[in-house]
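Values quoted throughout were computed directly from the atomic coordinates according to the rules given, and no laboratory measurement underlies them. Keep in mind the model is a prediction, meaning the values are calculated, not measured. Note that we place each Cβ from the backbone using ideal geometry, even for glycine, and neighbour counts take in every protein chain shown.
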Amino acid sequence: METPAFLDRDRPDVPDLVIPGGITPFHLDGRPVRGRLVRLGVLADTLLTRHDNPAPVSCLAGKALALVAALSSALKFDGSFSLQVKGDGPVSMLVADCTSTGALRFYARIDAEALDTLLAANPTPTDHELLGNGYLALTVDQGPDMERHQGIVDIAGDDLAAMAMHYFATSEQHACWLMLTCAMTDTGWQAGGLVLERIAGEGGVDPVGTADANAEWETATILAMTLTARELFDDSLSSPQLLHRLFHEQDLHVGQARALAFGCRCSRARLVDMLSTFPDDDLDHMSQDNGTIVMTCEFCNKDFHFQRKDVAASA
Ligand SMILES: [Zn+2]
C-alpha cells in the first residue's frame, strides 16, 4: 500500500495545496448533455510559477492542466490521466496529468532558441504555433498490472481546446465541446475551463440523434460559449452560480464538487530506486566532483541531491 502524501516525509518541499471545489460536475435534466466546470483558483499560479517559462508557454500549460482536470473527472479509474503533446515547434513536449484524486502536475520541454525566434516575430503565438505539427495523446494509466488505454491524434486546430475536440471527433463516440482559458490576472495566473459531453439519457432511452436531441445539444453549446474568462476567474462567483447563469433554463443539476491539488508523485525513495537500476559506470559518470548526484524532477522543478556512495547499482 502506498504511503499517503501527507505522511510521506520523503517527498520534496512543495506546496500542500487543495482546491476543494476545483471541479463541478453537472447535467441538464432530460437533455443529452453533461459537463464539468473547472477552476484551478490559486493552484494555477502555484503550479505555473514553479517553472521559469515565458508567459505564452505558461498560458498553454494552464489550459493543459484545466483540460486534464476536466477530462479525467468524467472517468471512473484509479491512477493517472495524462495529456502528452509532442510536436516540431518550440514547445517540443507538453505533459500534464491528473490523478483520480485530483492531483495535478505538468512540464513543458522548450527549445529556447526556437521559442525566442518565434516570440520575437509574434509575441502572442497560437498554441499550434508553439507546439508545431505532431501528435496529441491521452492516456489512462492504472498501474503496472492494468492495461493502459491510450488514444492518439495529429495536432489539428489553433488552440488546445480545438485540438482536444479534434481528438474526440476522431477517436471517441460522443460529441464534446470544450472551452479552456488561462491568463495572468491581478492575483497571478488563473486557469479553468468548461467541457460539455453529449450523452445518451438514463437507460439509453434518450433519442440521441433526433431533431430534439440535436437542438438541445446545440442550445447547450451556444449557452456555454457565452462564458467569459472574466466570469471564470471571478472568485466572488461560486461555480454553481456560474453554471446557473449559463443553464438556468435547461433544468440544470449540479453534482458533488471535486477537489484539485498540487500533485507531484516524486520522492527521494522513488528516485533512489530509479538510480539503483543504472550500472556503476553510469552512476560514476552522473556524479559530480564532490560525489553528489543531482536529479531534477521535471514536474515540480525540484533538485534532489544524493551521495554517490549511498547509491548502489543493483546490476
Ligand atoms: Zn516532482
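Here are the numbers for this structure:
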quantity	calculated
Percent breakdown of C-alpha pair distances by 5 Å bin, ordered from the shortest bin, for segment 268-310	6, 23, 35, 24, 10, 2
Under DSSP loop assignment and at most 10 Cβ neighbours within 10 Å, longest GluC sites (Glu not before Pro)-free interval of the chain	3-146
Magnitude of the charge dipole, segment 268-310, Cβ model with Lys/Arg +1 and Asp/Glu -1, debye to 20	260 debye
Most fluctuating residue given options ASP141, ASP78, ASP281, as computed from a GNM of the chain linking Cα atoms under 10 Å	ASP281
For the chain, with +1 on Lys and Arg beta carbons and -1 on Asp and Glu, the positive-most of ALA224, GLY255, ASN290 along the dipole	GLY255
Difference of contour (0.36 nm per residue) and Cα-Cα distance, ASP251 to MET274	3.1 nm
Directionally averaged shadow of segment 54-128, computed from the convex hull of its alpha-carbon atoms, nm²	4.9 nm²
Local electrostatic count at ASP280 - Lys and Arg +1, Asp and Glu -1, tallied over other residues with Cβ under 12 Å	-1
Positive minus negative residues near ASP158 (Lys, Arg vs Asp, Glu; Cβ under 10 Å)	-3
Distance from segment 225-242 to segment 80-132 (C-alpha centre basis), Å	26 Å
Value of D in µm² per second that Stokes-Einstein yields for segment 26-169, Kirkwood Rh from Cα pairs, at 25 °C (0.890 mPa s)	154 µm²/s
Å³ per residue enclosed by the Cα convex hull of the chain	164 Å³
For segment 74-218, size of Cβ-based charge dipole, Lys and Arg +1, Asp and Glu -1, in debye	280 debye
Environment charge at PHE106 (Cβ cut-off 12 Å; Lys +1, Arg +1, Asp -1, Glu -1)	+2
Per-peptide average of other Cβ atoms within 10 Å, ordering 284-293, 55-64, 182-191 highest first	55-64, 182-191, 284-293
Net charge dipole size for the chain [Lys, Arg +1 and Asp, Glu -1 on Cβ; Debye, nearest 20]	560 debye
Choice from ILE222, ILE23, ILE152 with maximal GNM fluctuation in the chain (Cα, 10 Å cutoff)	ILE222
